[in-house]
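Report on one structure; see the data block that follows.
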Amino acid sequence: MAINKVVRAALKALSYTEYDIKENLRMHRNLVNMTRKHFLKPLYKTWDYKLRSKDHNIPVRVFSPHVHGDFPVLLFFHGGGWVTGNIETYNKVCTNMAKLTKCKVASVDYRLAPENPFPAGLEDCYEAAKAFVTNKVINDKEVILIGDSAGGNLAAAVSLLARKRKEFKVKKQILIYPATYNDHSENSPFRSLVENGRDYLLTSKRIRDYMDLYISKKEDFYSPYFAPLLSKDLSMQPKTLIITAEYDPLRDEGEEYGKKLREAGNYVEIYRIKDGLHGFFSLPPRFPQVKLCYDIINHFIYEVN
């Protein structure tokens with residue numbers, strides 16, 4: 001469904017009245033939790049685990065599809081600008097993901113900023129990936145990293161860290177409208193930030209607010225594990241699927257990351273979802289953008305070896 005004039009005007013009005021997330025973080029989190037909360041259907045197969053890290057536990061919820069087979073595990077890192085979102089707010093997304101891909105989905109409840117700034121959440125995601133890839137008691141299936149928005153950023157950063165530390169290998173990653181760059185000001189080199197950075201709910205200001213809350217010091221902005229597009233070496237990365245949205249300020253940086261991965265010798269697929277907004281992946285599967293997204297994801301999971 002194309003964005004008509006009425007919908008466009010409504011989006012512009014909602015974007016115009018945005019508040020300062022840094023000054024109203026508690027309210028913003030409550031709003032996200034209220035609008036995204038979903039209670040699981042009775043009898044749906046889920047298990048809650050806690051992975052032991054150095055000084056804390058990392059909660060993980062596993063969603064099992066209603067089919068049996070030798071399917072991969074999708075290790076999911078949720079979006080929310082590194083400062084909002086959790087297992088509960090992504091219950092419906094992960095339920096649909098398990099149903100539509102036939103894969104088990106393991107949703108990681110990583111620590112949020114600003115209480116736990118960069119790289120705390122990233123390290124939680126890394127430890128979860130390490131456990132699911134290397135610990136056969138926890139999982140003996142292929143693991144595919146997947147994340148949306150900030151979660152896509154975390155998936156890309158985990159893959160870079162895995163190459164550096166050499167503790168495990170990531171074979172595939174799915175990055176859905178990922179944040180990959182560090183500059184979302186008027187100086188950004190990406191046209192989509194200028195075209196879509198004001199009138200489509202996720203504004204350039206909101207992105208900057210999220211990033212300011214995520215970092216612990218100014219130097220973090222220049223780390224490739226904060227902004228993967230800054231990496232000077234993108235070789236030896238997983239087979240990668242990148243899905244972007246037409247009306248998303250993050251569109252061009254996500255696609256540029258895919259191009260850079262490809263130039264470094266990696267297998268990469270890049271798809272732009274027509275008429276898509278940032279966050280569309282959380283919509284019900286009946287929406288054409290979501291249906292197309294899962295068609296692309298399933299092809300990547302099952303047809304790309």
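Details
- Bridges between two residues of the chain, per DSSP, are antiparallel at a rate of about 30%.
- Net charge contributed by nearby residues that have their C-beta within less than 13 Å of LYS171 (K/R +1, D/E -1): +4
- Region 120-208 shape via C-alpha gyration tensor axes, a/c threshold 1.5: prolate
- Two-site FRET efficiency, SER216 against VAL137, from Cβ-Cβ distance with R₀ of 41 Å, rounded to 0.05: 0.75
- Additional length obtainable on full extension of the chain from SER235 to PHE168, 0.36 nm per residue less Cα span: 22.5 nm
- Taken one residue at a time, the phi angles of region 167-184 give Karplus couplings (6.51, -1.76, 1.60, θ = phi - 60°) of 8, 6, 10, 9, 8, 9, 9, 10, 10, 9, 5, x, 7, 10, 10, 10, 10, 10 Hz. Gly and Pro are set to x.
- Förster radius 25 Å - calculated FRET efficiency between ASP20 and ILE296 (Cβ-Cβ, nearest 0.05): 0.10
- Applying the criteria of a DSSP loop state and at most 11 other Cβ atoms within 10 Å to the trypsin sites (Lys or Arg not before Pro) of region 114-189 yields LYS136, LYS166.
- At 1.567 mPa s and 4 °C, Stokes diffusion of the chain via Kirkwood alpha-carbon radius, µm² per second: 67 µm²/s
- Per-residue [θ]222 nm for the chain (sum of -39500 (n - 2.57) over DSSP H runs n ≥ 4, rounded to 500): -11500 deg cm²/dmol
None of the figures in this text is laboratory data; all of them are computed from the coordinates on show. All figures in this text were calculated on a predicted structure; none of them were measured in a lab. As a convention, Cβ positions derive from the backbone with ideal geometry for all residues, glycine included, and neighbour counts pool all protein chains shown.
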